[in-house]
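Undergrad: The structure's right below; bear with me while I get my questions together.
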Ligand code: G3P
Ligand code: CA
């Protein structure tokens, strides 16, 4: 059985008291299924900008996702890719600051975030690629994201490529832990006004977070290249994570994964639901409804928070 449904049953029984009473309630506490805004409301605003996070809150997100990278001077910033050229004008602002890397057999110029200082990253325009109304949007630090979101929604940070940073002597899990502690969020479980759920594809990082921040939920991500997830593997995952975050194709291919994970107390949070990629479904709302209420997942990542169905 999932841990979230149990918690929500408790919430429902105390909800009236709390609404009338004194404690602020996070949206995540009130809702049966959890809406995670993927990179913010990224269908409508440039991903990982404050504009996208603000819109996600307006559209009712329970949690706002941040993918995390680290600048040359050791600051956590919100960025999906490990380089800046897809979502900023870094080519124009720092034309010589690329490295050449071979990707899929082709040499490519890449402006890695780890090679620029925060001051340099802040000179970039992270909005104009998406639309003229977003010109001037910046790459936010994680601290700026926390300041914007806290009290209005939960935080769902992903540690991106921590092993690559470790090879450079950068302790990404340590930076995340320090930031949470500095903000008083190191025990911000589901009963707080800014709940935090940690996520990563990197097992070693989640194991460390389990040791150092044992009360925070932790979601282990995996992609569709994974073979069938066995019960033995789920049992192993349950020793360091509180939930799984499979690519939605995995859940489509093995829908019994949901009940098998729930049987071990693991939540299930598939990714990514977007209006431009709905597979056999007519629209993204129907696709999300199927996953939430037919397959029984607890939460999901979507670029379209406004299309999230709250009811079956
Ligand atoms: O973190 C869940 C999902 O966002 C993983 O995919 O590549 O969008 O970070 P990605
Ligand atoms: Ca992510």
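Any read-out appearing in this document is the output of simple, stated calculations on the displayed coordinates, not a laboratory observation. Because the structure is predicted, anything quoted here is derived from the model rather than measured. We place every Cβ from the backbone using ideal geometry, glycine too, and count neighbours over all the protein chains shown.
Undergrad: I need to check one value: relative contact order of the chain, counting alpha carbon pairs closer than 8 Å and at least 6 residues apart, in percent.
TA: 20
Undergrad: Another question, then. Would you report the distance distribution of C-alpha pairs in region 227-312 as whole percents per 5 angstrom bin, up to the bin with the largest distance?
TA: 3, 15, 28, 23, 15, 9, 6, 0
Undergrad: For the chain, find the longest principal axis of its Cα atoms and tell me its angle to the long axis of helix 3-20, 0 to 90°, nearest 10.
TA: 80
Undergrad: Have a look at the DSSP beta bridges in the chain and tell me what percent are antiparallel, nearest 5.
TA: Of all bridge pairs located within the chain, approximately 30 percent are antiparallel.
Undergrad: Something else now. Tell me the Rg and the Dmax, in Å, that the Cα atoms of region 17-128 produce.
TA: Cα radius of gyration and Dmax of region 17-128 are 18.0, 61 Å respectively.
Undergrad: Hey, another quick one. Under 10 Å, Cα contacts only: if you run a Gaussian network model on the chain, which one of 280, 182, 86 comes out with the highest mean-square fluctuation?
TA: Taking springs between Cα atoms under 10 Å, the residue moving most is 280.
Undergrad: What order do you get for 262, 38 when you list them from fewest to most C-beta neighbours inside 10 Å?
TA: 262, 38
Undergrad: Over all directions, average the projected area of the Cα convex hull of region 116-187 and note it in nm².
TA: With the hull built on Cα positions only, its mean projection is 6.3 nm².
Undergrad: Which semi-axes, in whole Å and largest first, does the equivalent ellipsoid of the chain have when worked out from the alpha carbon gyration tensor as the square roots of 5 times its eigenvalues? Walk me through the numbers on the way to the answer.
TA: Working: eigenvalues 186, 96, 86 Å².
In descending order the semi-axes read 30, 22, 21 Å.
Undergrad: Have a look at region 210-265 and give its Rg and Dmax from the Cα atoms, expressed in angstrom.
TA: 11.4, 35
Undergrad: Another question about this same structure. Students often check this: by mean Cβ neighbours within 10 Å, which of 237-247, 109-119 ranks highest, and how do the rest follow?
TA: In descending order of packing, they fall as 237-247, 109-119.
Undergrad: A further question on this structure: Just to confirm the number: angle between the C-alpha axis of helix 203-212 and the first principal axis of the chain, 0 to 90 degrees, nearest 10?
TA: For 203-212 against the chain, the angle is about 70 degrees.
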